[in-house]
Amino acid sequence: MQKIINIAVIGCGYWGPNLIRNFRSVPNCNLVAVCDMKAERLSHMQNLYSGIKITADYREVVENSDIHAVAIATPVFSHLELGRQALLGGKHTFIEKPMASSSAQCRELIGLAEKKGLTLMVGHTFIYSTPVRKIKEIVDYGDIGELLYVTSQRLNLGLFQKDINVAWDLAPHDVSIILFVMGHAPSSVNCQGKEHMHSGVEGVTNMSLNFSNGGFATVQSSWLDPNKVRRMTFVGTKRMILYDDNEPLEKIKIYDKRVEVPPHYDTFAEFQFAYHYGDMYAPYLNQVEPLKVQCQHFLDCIKTGEKPLSSGLEGLQVVQVLEAASESLRRGGAKVDIDYAAAVDHLLAKRKGKVRRVGEDGLSTPERVASIELGLIAR
Ligand SMILES: NC(=O)c1ccc[n+]([C@@H]2O[C@H](COP(=O)([O-])OP(=O)(O)OC[C@H]3O[C@@H](n4cnc5c(N)ncnc54)[C@H](O)[C@@H]3O)[C@@H](O)[C@H]2O)c1
């Protein structure tokens, strides 16, 4: 792979300019063009970065053989078509979260990237942040004991969207963090919600994720709250972690608190839980902009051919959860199973070298059948 990667960003609305700024700041990357349908966004970008090529037509980007990679920061309904055209044009492709509007669309993009031998990465920004990396390290090390459950709240006033509900807008962050820390995807989802401003578009949702190993997580998302809240709690058998992303410095606090069940007791009167109240400490976190780490990781993966931490498969897992949540909303909060959650988990674990080989491709028969249907391995 060439040393300098020429990249273009499609979508210069609210979020695209953050990608543009970061791709300009990482070494060995040349941001050659930006694309947006709106002329005012293009002239704004040209004012900020003189000399940058601008275009309102994405085809000028995907058909340009000097461009090696494309980052897509447009609304979710356009991710499939723009992603498909970028991959067909031979570009390594970065797509903002959520990866696409359905798991079928994600599978198409994953299949296309595999076929073309191109890097496909999804913008699960928080897994590139220092606090989330630290939480993962603490949980994996066993410092908090067995992870019992996770709660997450992402609340603020607006911005109301018309085409996607609040779960599709905000929850990809929480779900991607939960999947990253827990190490696998839920097997079923329940979700309830309420529409207040736009008919058919829930502005408040409460999601429960059930994991086949007994794990549990809840995600509350809202566009109708007076305060901006970004809080997650990871409850372990030995300790508990509070992650508040709004805190300027002490974003993670580890509480030495737990409840112990006495090993034996003779009468019901003797039975009492033992509540342990210990110290709290806030580990030092080296503050680095997660987006910069994410952009650098995309370029590194293009150069080395390694699969990104947030590849198409992780993008698919998050969309599977959102899809199941939408189905549950339609069914009044009923439990909705996620098809192939175990198969995708297995493929991810296998890729990370954690799974013992079973057959020629390392998959058991049901996993192989599911993987073929997912388009992840050849028939
Ligand atoms: N990773 C994060 O933390 C984060 C934060 C915010 C938004 N996002 C994601 O970024 C994406 C964009 O969100 P946004 O809030 O910036 O949306 P936005 O509506 O503010 O901006 C989207 C821009 O894309 C342009 N556009 C749409 N279709 C196009 C096309 N076919 N060709 C060229 N330009 C096109 C629009 O003109 C608009 O300027 C979404 O997927 C969103 O979920 C990610």
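Away from the ligand (no atom under 16 Å from the Cβ), assigned to a helix (DSSP H, G or I) and among the hydrophobic types (A, V, I, L, M, F, W, C): does that describe Ile144? No, not satisfied. Taking residues in segment 1-28 that are at pLDDT 95 or above, and partners anywhere that are of a type in the set (Lys, Arg) and away from the ligand (no atom under 16 Å from the Cβ), the pairs with Cβ atoms closer than 8 Å and at least 6 places apart or on different chains are Ile5/Lys303.
Do we have any residue at all in segment 160-182 that's more than 16 Å from the ligand (Cβ to nearest atom) and of a type outside the set (A, V, I, L, M)? There is no residue in segment 160-182 that is more than 16 Å from the ligand (Cβ to nearest atom) and of a type outside the set (A, V, I, L, M).
Taken together, the criteria place Lys134 among residues that are closer than 30 Å to Tyr284 by Cβ, more than 13 Å from the chain's Cα centre (by Cα), touching a residue at least 40 places away in the same chain (Cβ under 8 Å) and open to solvent by 30 Å² or more (accessible area, probe 1.4 Å). Taking the listed residues Asp57, Asp36, Asp66, the one that is within 12 Å of the ligand (Cβ to nearest atom), open to solvent by 10 Å² or more (accessible area, probe 1.4 Å), modelled with pLDDT of 95 or more and farther than 26 Å from Glu289 by Cβ is Asp57, with no other qualifying. Figure legend. Inter-residue proximity from segment 93-110: first residues in contact (Cβ under 8 Å) with a residue 60 or more places away in the chain and closer than 9 Å to Leu316 by Cα, second residues among the hydroxyl-bearing types (Ser, Thr, Tyr) and more than 11 Å from the ligand (Cβ to nearest atom), beta-carbon distance below 9 Å, spacing 6+ or different chains. Indicated pairs: Ser103/Tyr340; Ile110/Ser311. The residues of segment 1-32 that are in a strand (DSSP E or B) and either open to solvent by less than 60 Å² (accessible area, probe 1.4 Å) or within 14 Å of the ligand (Cβ to nearest atom) (or both), listed by number, are Ile5, Asn6, Ile7, Ala8, Val9, Ile10, Cys29, Leu31, Val32. If only residues of segment 114-141 that are within 16 Å of the ligand (Cβ to nearest atom) and part of a loop (DSSP other than H, G, I, E, B) are counted, the one that is farthest from Val293 (Cα to Cα) is His124.
Each row is one residue, and each column tells you yes or no for (1) open to solvent by less than 40 Å² (accessible area, probe 1.4 Å); (2) assigned to a helix (DSSP H, G or I); (3) touching a Leu at 6+ places or on another chain (Cβ under 9 Å).
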{"site": "Phe77", "(1), (2), (3)": "no, yes, no"}
{"site": "Leu80", "(1), (2), (3)": "yes, yes, yes"}
{"site": "Leu87", "(1), (2), (3)": "yes, yes, yes"}
{"site": "Phe94", "(1), (2), (3)": "yes, no, yes"}
{"site": "Met99", "(1), (2), (3)": "yes, no, yes"}
{"site": "Cys106", "(1), (2), (3)": "yes, yes, yes"}
{"site": "Leu112", "(1), (2), (3)": "yes, yes, yes"}
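The residue that is farthest from Tyr243 (Cα to Cα), counting only those in segment 143-157 that are open to solvent by less than 40 Å² (accessible area, probe 1.4 Å) and more than 21 Å from the chain's Cα centre (by Cα), is Gly145.
Tally up the residues in segment 183-201 that are open to solvent by less than 30 Å² (accessible area, probe 1.4 Å) and either part of a loop (DSSP other than H, G, I, E, B) or small (Gly, Ala, Ser) (or both), please.
3
Highlighted here are the helices (runs of 4 or more DSSP H) found entirely within segment 283-379 that include at least 3 residues which are at pLDDT 80 or above, within 27 Å of Ala217 (Cα to Cα) and not aromatic (Phe, Trp, Tyr): 290-304, 312-330, 341-351. The set of residues in segment 73-85 being of a type outside the set (Gly, Ala, Ser) and near the ligand (Cβ under 8 Å from one of its atoms) consists of Thr74, Pro75, Val76, His79, Glu81, Leu82.
The values are calculated or read from the model by the stated rules, or taken from the named source; none is laboratory data. Predicted, not measured: the structure shown is a model, and the values here were computed from it. Heads up, the Cβs are rebuilt from the backbone with ideal geometry, glycines too, and the neighbour counts pull from every protein chain shown. Quick note on the areas: whole protein, heavy atoms, side chains included, nothing else; ligands and nucleic acids left out. Shrake-Rupley method; radii C 1.70, N 1.55, O 1.52, S 1.80 Å.
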